[in-house]
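Readers should treat all values here as calculations from the given coordinates under stated rules, not as data from a laboratory. Quick caveat: nothing in here was measured; it's all calculated off a predicted structure. Here the Cβ positions follow ideal geometry from the backbone for every residue, glycine too, while neighbour counts run over all protein chains shown.
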Amino acid sequence: MAEYHLTAPLTDSDVEQLNIGDIVYITGEVFTCRSRLQKYIFDEKHTLPFSTEKRNILIHNGPIVIKEDGKWRLVSFMPTSSIRFEKWGAQSVEDWGLKMIVGKTTMGEKTARMMKEKKCVHVSPRSVSPNLWVDSIEVQDVHLFDELGSIEAAWFFKVRDLGPFVVDIDTKGRNLFDRMDEKIARNKAKALQELGIDPDFQFTKLY
C-alpha cells in the first residue's frame, strides 16, 4: 500500500500508478455531482454548462452550503454512496473525461470497465468525519443552482490535501470491495465448518 498526494487536473500517469488499497490525498479544483445533475444532462439531454477538461475529479456529494454576507460558506461535506449512480457512471467517465470519482462504497462492472478503458479510478473516504474536511475546501462557484437546487447543483470547490481516500477501483479494472467480499465469503465458510453449522443456515426472521 502506497500513499500519494495528487494535484488536479489529473493525468493518465497520475492515476495509472494507483493500485487498489493505496491512499490518496487531493489538491486542486473539483466539482460535485449527484443523481439529479446526471439525469438532467444524460437523460433529459441538457448541455453541461461548464468544461471538465481541467476539472476532471468528480465528487459524489450534496454539500451543505449557505450564503453569508454575499459569500458562500461550506457547512458540511461528505461524499455519498457512488453505487447509487451506476446508471450514469460509465457515461460520466467517458463524456466528461474524468480521471477520478470520489464517493463512498464503490461502483459497478460497467463503470469499472470504462475506467479501465479511459484511465480513471474510484476512491472512497477512509473513516473521516465530514467536519474535519471543511477547512480544506474553498467554495469557488456553483452551476445549475436554480434548476436543481442547492444539494443537487454542481458545486466548484478548490481543495487542499483533501483525504485520506482509499483506491477501490484502479485503472487495471480491479475492485477492492469485490476482493473483500471474496475474502469474507471464504472466512464465513471456514467459520461455519469449524462450528459445525450447515452452510445453508438461515437467520430467524422476526417479521
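Couple of notes before you dig in:
- Each other residue within a Cβ distance under 11 Å of SER81 adds +1 if Lys or Arg and -1 if Asp or Glu, for a net charge of +2.
- Between SER76 and ARG186, the simple spin-label model (points 7 angstrom out along Cα→Cβ) gives 4.0 nm.
- Among 40-47, 28-35, the order from most to least packed when residues are scored by Cβ within 10 Å on average: 28-35, 40-47
- Sorting 6-19, 134-147 by their mean Cβ neighbour count within 10 Å, with the most densely packed peptide first, gives 6-19, 134-147.
- Given their separation in residues at 0.36 nm each and the Cα-Cα distance between them, GLU3 and ILE66 gain 19.3 nm when the chain is fully extended.
- Sparse-neighbourhood loop sites, GluC sites (Glu not before Pro) in region 45-111 - DSSP loop, at most 15 other Cβ within 10 angstrom: GLU53
- A simple spin-label model places pseudo-atoms 7 Å from Cα toward Cβ; at GLU53 and SER127 they are separated by 4.3 nm.
- Spin-label pair ARG160-LYS45: with each label point 7 Å from Cα along the Cα-Cβ axis, the two points sit 4.5 nm from one another.
- For the listed residue pairs LYS39/LYS188; LYS104/LYS188; LYS71/LYS118; LYS67/LYS110, the alpha carbons are over 30 angstrom apart in LYS39/LYS188; LYS71/LYS118; LYS67/LYS110.
- Here the extension length gained between PHE203 and ASP95 equals 34.4 nm, from 0.36 nm per residue of separation less the Cα-Cα distance.
- Rounded to the nearest 20 debye, dipole of the chain from Cβ charges on Lys, Arg, Asp, Glu: 300
- Least to most buried among MET115, MET78, MET1 (fewest other Cβ within 10 Å first): MET1, MET78, MET115
- Antiparallel %, DSSP beta bridges [both residues in the chain], to 5: 60
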